[in-house]
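Peer 1: Take a look at this one; I'll ask things after.
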Amino acid sequence: MVSSIIALILFAGFTTYYGNIRSKKITNEHVISKQKQKLPKKFIDKKTAEQINRKFYSHEKVQAGAEMSFVKYPSTFSKLVASGQLTIIGEITDLKSYVSNSQPYTIANVGVRQVLHGDKSKQNKTIRVMFLGGNITKKEMLAPVADKKFMGVSKAEASSDEVVTIEYSNNRLPKAGEKITMIISKSPKGANNIPGEFWDINFVNKSTFFQDDDGLYRRIPETKSFGGGSDEKSSGFSENDWNEQDDKKMNDGMNELIKSKLKK
């Protein structure tokens, strides 16, 4: 059993949270016209997507728990959209991981199928978007606790070049070929020691909507807390209740926004 403590601090549209890790071994595009319906550009074929996913996700997965607190999290969908510089429907075309301060990050190449809010010139372009989690060696992951005897980290594990894939609670990593809607903002240059320009997802999982089998876009639901949450006894309204209602409100808002844009 391997355990590690991960702490991340993100402000103004980012997330502050502390995570504890425990391992088990550780087209063609058609132009819009009033007479013709647009078929969005396809950025990646199925075979290529499968190859990328096989390579990126060929390692043992480590699920990492995380507690989140949001700074100035919006109360309405319109305010959530306004918090970011760009809202898009995107298609994942590539995945690459980076490590900074013993924490993994994944940069996804995202083909912008449609701009829902913000700079229209980004449509049909490919941008880079950062996701929390990704591929990391055991020795990099365990570096902050390797010298702490009470953690029980063996010398073999502390020096291991074996790669594992860390995925944080409620922050599922994307897969090549997936369609996703996101509310994003340009990241400061050099953030997390990642080279090149890229975008950050506002409020992380709260602004990430994956397309489901029915064609609708939805956030990954928050993991339910035992007992419903700290406010249940005093107010009768639990944290779980709030999360469910907030997910529904934001999911509905995103799908209504997409629907309204497709009508134009």
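The values are calculated or read from the model by the stated rules, or taken from the named source; none is laboratory data. Because the structure is predicted, anything quoted here is derived from the model rather than measured. When we count neighbours, we look across all protein chains shown, and the Cβ atoms used for this are built from the backbone with ideal geometry, even at glycine. Keep in mind that these areas ignore ligands, DNA and RNA; they rest on the heavy atoms of the full protein, side chains included. Shrake-Rupley method; radii C 1.70, N 1.55, O 1.52, S 1.80 Å.
Peer 1: For region 90-144, what are the residues that are farther than 16 Å from E167 by Cβ, open to solvent by less than 10 Å² (accessible area, probe 1.4 Å) and not in a strand (DSSP E or B)?
Peer 2: Residue satisfying the conditions is L142 alone.
Peer 1: Those residues that are part of a strand (DSSP E or B) and closer than 23 Å to F198 by Cα, I need them from region 69-89; list them, please.
Peer 2: Selection gives F70, L86, T87, I88, I89.
Peer 1: I need every pair where a residue in region 164-175 that is under 11 Å from A64 (Cα atoms) has its Cβ under 9 Å from the Cβ of a residue that is of a type in the set (K, R) and in a loop (DSSP other than H, G, I, E, B), sequence separation at least 6 or different chains.
Peer 2: N170/R219
Peer 1: Here is a further query. Can you name every residue in region 116-157 that is closer than 16 Å to D200 by Cα and either out of contact with any Ser or Thr (no Cβ under 7 Å at 6 or more places or on another chain) or of a type in the set (A, V, I, L, M, F, W, C) (or both)?
Peer 2: Correct list: D119, K122, I127, R128, V129, M130, F131, L132.
Peer 1: Quick check on region 183-229: of everything there that is among the acidic types (D, E) and crowded, with 18+ Cβ neighbours inside 10 Å, which residue is nearest to the chain's Cα centre (by Cα)?
Peer 2: If we take residues in region 183-229 being among the acidic types (D, E) and crowded, with 18+ Cβ neighbours inside 10 Å, then D200 is nearest to the chain's Cα centre (by Cα).
Peer 1: For region 25-64, which residues satisfy the criterion of being at pLDDT below 70 and closer than 28 Å to D247 by Cβ?
Peer 2: P40
Peer 1: Restricting to region 180-217, count the residues that are among the acidic types (D, E) and not in a loop (DSSP other than H, G, I, E, B).
Peer 2: Adding up the residues that qualify gives 1.
Peer 1: Something else: Looking only at region 151-179, count how many residues are among the small types (G, A, S), surrounded by fewer than 20 Cβ atoms within 10 Å (Cβ to Cβ) and in a loop (DSSP other than H, G, I, E, B).
Peer 2: Residues meeting the conditions: 6.
Peer 1: Shifting gears a bit: Do we find that S169 is more than 25 Å from T48 (Cα to Cα) and at pLDDT 95 or above in this structure?
Peer 2: It is false that S169 is more than 25 Å from T48 (Cα to Cα) and at pLDDT 95 or above.
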